[in-house]
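What follows is a short report on a single structure.
The values are calculated or read from the model by the stated rules, or taken from the named source; none is laboratory data. Predicted model only: the values in this text are computed from it and were never measured. Ideal geometry is used to build each Cβ from the backbone, glycine not excepted, and the neighbour counts take in all protein chains shown.
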Amino acid sequence: MPQNSTHPESLSSIYPLSNSPLPPSGRVALVLGYEGARYHGWQAQNSGVSSVQQTLETALSRVADTSLQVVCAGRTDAGVNATQQVVHFESAPSRSPHSWVMGANHFLPDDIAIQWAGSVCDDFHARYSATSRVYRYVIYNHPVKPAWAHGSITWIHSRLEEHRMHVAAQALLGENDFTSFRGSDCQSHTPFRNVSRISVTRRGELVIVEIEANAFLHHMVRNIVGTLLQVGTGKQSPEWVADVLAAKKRSKAGVTAPANGLYLVKVHYPEQFGLPEIPYGPFFLED
C-alpha cells in the first residue's frame, strides 16, 4: 500500500478556514490541486497558451483587487496533475484564509481548486524551503481501456508484475547521477538527485509508483516509470534498472511515460512553517 503519512483527523487542521484577516503586506501560502489535462504545464507562457499559474494568478488578483504573482514548489509539465502544489505570494491587501480559498475558487475553473491558505513568515519560500517532494504515478492495469478518468490515469493493457517493478526500483535509492532519466530539455545545473523512497504497489486494477526525492529533473519520474514498465511487462530483468542508472545515457532507459498518470502529491517543509497535513491523494486512492 502506498505510504500516506496523514490520517482523516488531520483535516481538522485546515477546516473550517478562519475568517480572521491575515496580516497586511504579508506572505501568504496556498495548497492547491489541479487536473493538468487542459493546461500547457504550470508555468505561465509568453505565447498565451493556458497555464495553471496564469489561471491561478488571475483568480487571486480578482480577490485582492490588485495584480498578484505566485511562486510554486515545483513546475509541473503539460498534462501533469497535482493534489498538493504549494505556492506563496506577497499580499498588500488583508484577506482571511476563508476569503482567499473560497473567493479564488469562485473564479477558478473546475479543474483547479485551492484547499488551504495561511500566513507564513518571510523566511518561507515555496520552492527553496521544501525538503522533499512526493510524486505518485497511477496506472490502470486492465486488458480493456477505462471509460473514465482519461486525463487522470495511464492505461496499460499488458499485465504488470508490480513486485518485480518494486524490486527493480530500489536500485534508484540514494543520491545518484540520474542522467539516464533526465529529459532533453532539462535546465538543471546538476543531474544528481537524492531519492529517499520509492515503491510500486497494486490496489486492484491500479498500479501506483510512489517516489520521494529532494528534487526532480525534467521528466525524471515519467522516465523512471517508463523504465520500470519494461520490467513489469517482463521485457527486462529487475537488475537492468541498475545498469540503466549506471550508464548515464538517456538512450539506455525506457520511453517517457504519459503525463496524465502523474501527480505531485506532497511537498514537505520543516514543521516551523506550519503548513497543514493533508492526505496525499488523488482521492480515489485514499482509504
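Among the residues of region 207-265, those that are farther than 22 Å from His142 by Cβ, charged (D, E, K, R) and in contact with a Lys or Arg (Cβ under 8 Å, 6 or more places away or on another chain) comprise Glu212, Asp243, Arg250. Does Ala169 satisfy being outside the structural domain of Asn81 (by TED's automatic domain parsing) and surrounded by fewer than 18 Cβ atoms within 10 Å (Cβ to Cβ)? No, not satisfied. Of a type in the set (Asp, Glu), within 26 Å of Arg159 (Cβ to Cβ) and surrounded by fewer than 20 Cβ atoms within 10 Å (Cβ to Cβ), is that true of Glu205? Against the criterion (of a type in the set (Asp, Glu), within 26 Å of Arg159 (Cβ to Cβ) and surrounded by fewer than 20 Cβ atoms within 10 Å (Cβ to Cβ)), Glu205 qualifies. Pairs linking a residue in region 240-253 that is on the phi > 0 side of the Ramachandran plot to a residue that is of a type outside the set (Asp, Glu) and surrounded by 13 or more Cβ atoms within 10 Å (Cβ to Cβ), with Cβ atoms under 7 Å and 6 or more positions apart or on different chains, are Lys248/Thr179; Lys248/Ser180. Exactly one residue out of Ala82, Ala78 is touching a helix residue (DSSP H, G or I) at 6+ places or on another chain (Cβ under 8 Å), within 19 Å of Leu275 (Cα to Cα) and not basic (Lys, Arg): that is Ala82.
Selection of first residues in region 186-198 that are of a type in the set (Phe, Trp, Tyr) and of second residues that are loosely packed, with under 14 Cβ neighbours inside 10 Å, restricted to Cβ pairs under 8 Å at least 6 apart or on distinct chains, gives the following pairs, ordered by first then second residue: Phe192/Glu175. Could you say whether any residue in region 42-65 is on the phi < 0 side of the Ramachandran plot, touching a strand residue (DSSP E or B) at 6+ places or on another chain (Cβ under 8 Å) and surrounded by fewer than 16 Cβ atoms within 10 Å (Cβ to Cβ)? Scanning region 42-65 turns up no residue that is on the phi < 0 side of the Ramachandran plot, touching a strand residue (DSSP E or B) at 6+ places or on another chain (Cβ under 8 Å) and surrounded by fewer than 16 Cβ atoms within 10 Å (Cβ to Cβ). Taking the criterion of being surrounded by 14 or more Cβ atoms within 10 Å (Cβ to Cβ), among the polar types (S, T, N, Q) and under 22 Å from His268 (Cα atoms), the residues of region 172-193 that qualify are Asn176, Ser188.
Assess whether His157 counts as being modelled with pLDDT of 95 or more, touching a Pro at 6+ places or on another chain (Cβ under 6 Å) and surrounded by fewer than 21 Cβ atoms within 10 Å (Cβ to Cβ). Yes; evaluated as a whole, the condition is true for this residue. Checked against the criterion of being modelled with pLDDT of 95 or more and within 19 Å of the chain's Cα centre (by Cα), the candidates Val144, Val167, Val134 yield just one match: Val134. Here Ala73 clears all of (1) more than 15 Å from the chain's Cα centre (by Cα); (2) closer than 16 Å to Ser51 by Cα except the condition numbered (1).
Within region 175-182, does at least one residue satisfy the condition of being farther than 20 Å from Ser251 by Cα, out of contact with any His (no Cβ under 7 Å at 6 or more places or on another chain) and hydrophobic (A, V, I, L, M, F, W, C)? No, because not a single residue in region 175-182 is farther than 20 Å from Ser251 by Cα, out of contact with any His (no Cβ under 7 Å at 6 or more places or on another chain) and hydrophobic (A, V, I, L, M, F, W, C). Taken over region 113-140, the criterion of being surrounded by 14 or more Cβ atoms within 10 Å (Cβ to Cβ) and either in contact with a Ser or Thr (Cβ under 6 Å, 6 or more places away or on another chain) or part of a loop (DSSP other than H, G, I, E, B) (or both) is satisfied by Phe124, His125, Ala126, Arg127, Ser129, Ala130, Ile139.
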